1. Treat each spin label as a single point 7 Å out from the Cα along the C-beta direction, and report the residue 317 to residue 399 distance in nm.
2. About the Cα centre of the stretch 321-470, how large is the charge dipole given +1 on each Lys and Arg Cβ and -1 on each Asp and Glu Cβ? Please answer in debye to the nearest 20.
3. Find the lysine pairs in the stretch 346-452 meeting two conditions, Cα atoms under 23 Å apart and a separation of 8 or more places or different chains, and report how many there are.
4. Name the residue farthest towards the positive end of the dipole of the stretch 89-151 from the options 89, 147, 134, assuming +1 on Cβ of Lys and Arg, -1 on Cβ of Asp and Glu, about the Cα centre.
5. For the stretch 460-471, what does the Karplus curve 6.51 cos²θ - 1.76 cosθ + 1.60, with θ = phi - 60°, yield as ³J(HN,Hα) per residue in whole Hz, taken in order and with x for Gly and Pro?
6. Could you sort 113, 126 by their accessible area in this structure, using a 1.4 Å probe and putting the largest first?
7. Please list, in order along the stretch 854-871, the HN-Hα scalar couplings obtained from phi with the Karplus expression 6.51 cos²θ - 1.76 cosθ + 1.60 (θ = phi - 60°), rounded to whole Hz, x for Gly and Pro.
8. For residue 796, enumerate residues with amide H under 5 Å from its amide H, sequence gap 5+ or separate chain, H modeled in the peptide plane.
Amino acid sequence: MAMIWMQTEKTVVQELQRRLSNVSHSIDEIMQKESSPLFAADIITELKRQFSFLSGGRGQDGSPIIIFPEFPLFSEIGDQEFRNVLTYLTSIPSLSAAGVGFIVVIDRRGDRWACLKATLLRISGWFPANLRLVLVLRPSAILQRTLSDVFFKLHRDDFKVPVIMLSSVADLHSYIERSQLTQDLGGSQYYCHKTWISHRTDLESFAALLKRMAQRLQMFGRELAETELPNNHLTAGNLHNAHSSRKDRLKEEMAEALSQGRKLLENIREPVRRDPDSSLNPDQLENLATVHRLLSQLNESSTAFDEFWIQHQNKLELCLKLCQFEHSFQQLQTELEQATETMNAFSDIGISPAQTEHLLQELTNHERKVFEVLDRVRSLVAEGQGLIDSSQNVDDSVAVKCSELQKARENLIQELKDKKTMLTQAIELYRRLDTVCKWCDDGIYMLASQPLDKCQSQEGAESALSELEFYLETANEKQQWEISTVWLEYESILNNELRIQEQVKRTFEKKASLQEMFERRRVSLKKLAAKQTRPVQPVAPRPESLSSPAHRDHENICISEDSDSNVPCKQGSFDQVDRSSRNASVSEEEETLAVLRRHVMNELLETERAYVEELLCVLQGYAAEMDNPSMAPLIPAALQNKKDVLFGNMQEIYNFHKRIFLKELETYTDCPELVGRCFLDWMRELQIYEKYCHNKPRSESLWRQCSDCAFFQECQKKLEHKLGLDSYLLKPVQRITKYQLLLKEMIKYSKGREGSVELQAALSSILGILKAVNDSMHLIAITGYEGNLGDLGRLLMQGSFSVWAEHKRGHVKVIELARFKPMQRHLFLHEKALLFCKRREESGEGYEKAPSYSFKQELSMAAIGITEHAKGDSKKFEIWSSSRDEVYTVQAVSEEVKTIWVTEIRKLLTGQLEACKEASQQRAPDQFTSDTSSTNGCGGVEKQKTEEERGKELENILEPGTTQRVKGSSFSFETKPKRQDIRSDPTPLGWSKGSLSLDASVEHDGYFSAEEQMISDPEEEKEDKLCEDELQSMRIEEEFQLSEETKDPEE
């Protein structure tokens, strides 16, 4: 293709060069510059002196007339200046006029003979053209005229040219008509030397412009022909634009030249336009002809270049189209490869109908994208075929690439069709298998729901048998669908999917097992339902049998009506029936539990998939639209650049669940009791919910501020959601809470099975996340604390209490004002300090109130002690400084809450005491007794006047088994609070009404981490932990149900 282009381009360029060369040569001929290269602009100064000029008149035979007017300084004109002017003037008339010869008119009427003689000698000495005649108007003064006559006769032969001496203008008119003479010589011809110079310079400038333009067109044509065509569509486009731009500039210059030529014509015709009765002199007529000839050459240049440009432009456009075709081919080839790779990823058909439907939906979505690519492939193939048909310069590679694209398109369409057919058949197979499994599960439920004790009677057995027969009759279709039929109908799927083969096998084994159970139950019920031929009358037992249970159970005497004697009926036969029934019941119960576990697992998976879809819907329908330029006018100023505040880390949550957690959960579909391992493996990643929940108050505040804006309404309208965005922003909070409910259900149906320990650990970890989230949300609401809360250690508990404070100044105890009216304080128990804060409500009403905590007091755990009993109320306890200068009486909402707090504080103090003892033993082992009896700075125990009293108090407060211990401080299943005694706060910190509380503990959020007293055996600690989980679960379940009832989007 390149060779064909080069040959074509060479021919076109040669033709352009030839035509433009002719134009340049013609311009030189027109301007007669081959014989005289002088231009008016070169001798403009000499011409302006006007010692000689070409008037434009003609003699009787057409000879051009050159006039030498009176010029006193003629003798001062240099020879070169004289020659340049005469050379230029003689080059102006046409060659035909100049061939006749020139007539020179010398006007010396006011001069002397000497000057006249010098002028004649100079003209006769050098004249560049044919000089036909010299007419001289001799001096008019009497003396000078006489001298001229005398000396002219004497020196006539010295002049070498025909000279006629004239006495007056009238004599001149006898040689030249008056119309051909200027007014100075008595003629009627109008002549303006300045205008003549202007016309000559304009004419010559115009001719030079046309010649330069022709030369530029030649150079541009050669440059275009020598330009190497690119292989890149961007470079080809840039080259085409650059060449087109330069061509347009040249065309503009040619248009300007054309305008200049037309203006020059108007200037030459100006005398006629000004005076219609006048006419142009021969020189002006020749100028008009010259301009017209020059314009003709300009038109020839433009025509030659346009013809060349058409060829060149076609070449550039074809090159650009081929480069664009190549680029589009490469791009589509890449997209087809990507589409094929994505298609290959659909090799799996899923492990459940829901997952397969999800894969089919994804395939459908991918199909839409693929068909967009395929439409572009079809368009590109048609474009390539058009290039082949429209130009002979296109090589065979275009046809080859079109063939490749068409083949790839057909293959991809067929593969899409095959994948879609496979997934559709898989969905059908899964649904039929699910139908069989549901029939089996319902059958198991039916068998389990039949009360075996009532089946012992004839009526009960007949009823159960009738129910069994009716169920079997309604399920004939499921029973008739055999495994051989499945292999025939779904051979293409089963041959490639071992997992489905196993599933089909398990399904039909389950069906066979259930049919066997039905058959056994039917046989048993038929035996029990068999009609008695004789009525049975029980015989009253002997008195001694009433006192001997062993004997009473040994034998039962039945009297038959048709028998003459008593026939002993052994109870052992009925015992065997009972044992077989119990064994069957155990097997059915295990099957029932397995079905329940599958139901819980299915709910977990289905809700997880729905949750992922809802997150994606929010991110695409709301978050992505905030970056859409077309939606920018609808976004209020308060919402701009606040996407991270409104949505928090929802994108991170979506990525984790979509890419990792959902797939991991699906691997436990066949073993739901082991799903606790999945939660434990990814428990660290699940802590991302803490970040989301921390941001939730800010998100809700921003939502309330902008909830009525047009942006949210438009997004909701596009998504066709019934509820607003706030309902969907609550989804992550609901989801992390839902997990613990599902885990509790799974634990209930997995007792004693493998994985139950992991399930319990996963539940505890999820509850721990909920508590950590809730506690940290309270912590971030503390204001006025100047230190670093992180330095206080881990937050153990937090809650609201009534507090009385007493301060001791010297020996006087000062009771604070409002002694009998307690202060309401929110306490935060850290490992190293206890903070007292005042709960405050921010401005707003109802759910818009966001509580915060103003810091009031800090007590170091290394300098406090506790008294478990306080006078007047069993719910009170005291916290005091080591010197008893400050005493805080704290009243809890219940004895159980008090017990949990006291236990936790005592654990901290005990740990500090043991640490001090160890440190003291390392420093001075011999002073161990005295050091441990003085625990003022290491346990905060109340300091007394004597060492003995301090030791007793230490024993009373810190030693296990003390008689001073508050009732209920041992927290176990035997002493756990009743559910109705524990109140919950339905609106945790910073969350609006209707938001789901993450608080998994009892009243005021601080009672989850209760532990046993400082010394207890492992069994008691285990019971305490179970009790804590139970308390936490009761409250979370209660609040979750409330949230589900009040706000559940799209339900």
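The values are calculated or read from the model by the stated rules, or taken from the named source; none is laboratory data. Everything numeric here is computed off the predicted structure, so don't read it as measured data. Glycine also receives a Cβ, built like all others from the backbone with ideal geometry; neighbour counts cover every protein chain displayed. Ligands, DNA and RNA are stripped out before the accessible areas are found, and what is left, the full protein with its side chains, is counted by its heavy atoms. Shrake-Rupley method; radii C 1.70, N 1.55, O 1.52, S 1.80 Å.
1. Inter-label distance under the simple model: 2.4 nm.
2. Taking the Cα centre of the stretch 321-470 as origin, the dipole is about 480 debye.
3. Pairs that pass both the separation and distance tests number 8.
4. Looking along the dipole axis, the top candidate is 147.
5. Each residue's phi maps through the Karplus curve to give x, 5, 5, 5, 5, 5, 4, 4, 5, 5, 5, 5 Hz.
6. 126, 113
7. 8, 5, 10, 8, 10, 10, 6, 5, 7, 9, 10, x, 10, 10, 6, 10, 10, 5
8. Under 5 Å from the amide H of residue 796 lie the amide H atoms of 829, 830, 831, each far enough along the sequence or on another chain.
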